[in-house]
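Chemist: Below are the structure tokens for one structure; questions will follow.
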Amino acid sequence: MSRVASCLWFDTQALEAATFYCSLFEDASISAVSQYGEGMPLPAGTPLLVEFTLAGQHFQGLNGGPMFPQSEAFSISVSCRDQAELDRLWNALTADGGRESMCGWLKDRWGVSWQLVPQRMGELMSSGNGPAIGRMMGCMMTMKKLDIAALEAAYHGDLT
């Protein structure tokens, strides 16, 4: 177990969610699954805590029951290499009950919030060019799934 990990609270779907998340990333794995025992709040054998890693980041999925639903107050932010990766993750995470939001945010089928952000956007944000960054951010505010080409065009002043 990692010394520091983000813990996601699920009703009973932690193993299903972790398995799905691990299928989306090349460097991902489930490292441990503990189970409820006799006399505990959920039936014996139900996964209790699922420990997993996505691209070097450690997580825990806790099956704790329905009392604490997911919230936008916590999100998983992914720096996407290119539009193809962003599109692939967006489509997978919004499938089967996931929902698009604004500015690169979405919720997956379990209600976990994700931010899919192009690496290129981070590079442009650190340029120090305030007016160009402002144009790019204004463009981003109109989008659900981010479009890297459109963001770059706005940054460079091509607002056609």
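Chemist: Sort Ser113, Ser77 so the one with the fewest other Cβ atoms within 10 Å of its own Cβ comes first.
Modeler: The fewest-first ordering by Cβ neighbours comes to Ser77, Ser113.
Chemist: Return an integer: the convex hull volume of the alpha-carbon atoms of segment 70-160, in Å³ per residue.
Modeler: Normalising the Cα hull of segment 70-160 by residue number yields 90 Å³.
Chemist: Within segment 1-87, which GluC sites (Glu not before Pro) sit in a loop by DSSP and count at most 12 neighbouring Cβ atoms inside 10 Å?
Modeler: Sites meeting the loop and neighbour criteria: Glu26, Glu38, Glu72.
Chemist: Hey, can you grab everything whose amide H is under 5 Å from the amide H of Ile76? Only 5+ residues off in sequence or another chain; H modelled, so Pro and N-termini drop out.
Modeler: So Ile76 has HN proximity to Ser113, Trp114, Gln115.
Chemist: Can you find, among Ala132, Leu24, Ser101, the residue sitting farthest towards the positive end of the charge dipole of the chain, where Lys and Arg contribute +1 and Asp and Glu -1 at Cβ?
Modeler: Result: Ala132, furthest along the dipole toward the positive end.
Chemist: Using the Cα centre of segment 63-157 as the reference point, and only Cβ charges (+1 on K/R, -1 on D/E), how large is the resulting charge dipole? Debye, rounded to the nearest 20.
Modeler: So the dipole magnitude of segment 63-157 works out to roughly 120 debye.
Chemist: Here are labelled values, (1) 1.07; (2) 0.95; (3) 0.92, and one is the computed Rg/Rh (Cα atoms, Kirkwood Rh) for what I pasted. Which one?
Modeler: It is the one labelled (1).
Chemist: Would you mind ranking Ser101, Ser126 by Cβ crowding within 10 Å, fewest neighbours first?
Modeler: The fewest-first ordering by Cβ neighbours comes to Ser126, Ser101.
Chemist: Mind putting a number on the dipole of the chain about its Cα centre? Charges go on the C-beta only, +1 for Lys and Arg and -1 for Asp and Glu, and I need it in Debye to the nearest 20.
Modeler: About 280 debye.
Chemist: Which is the longest run of the chain containing none of the trypsin sites (Lys or Arg not before Pro) found in DSSP loop states (not H, G, I, E, B) with at most 16 other C-beta atoms within 10 Å?
Modeler: With a cap of 16 other Cβ atoms within 10 Å, the longest stretch comes to 4-80.
Chemist: Using alpha carbons only, how many degrees (0 to 90, rounded to 10) separate the axis of helix 83-94 from the longest principal axis of the chain?
Modeler: Between helix and principal axis, roughly 40 degrees.
Every read-out reported here was derived from the displayed coordinates using simple, explicitly stated rules and does not represent laboratory data. None of these values were measured; they are calculated from a predicted model. Because the Cβ atoms are built from the backbone with ideal geometry, glycine has one as well, and the counts that use them run over all protein chains shown.
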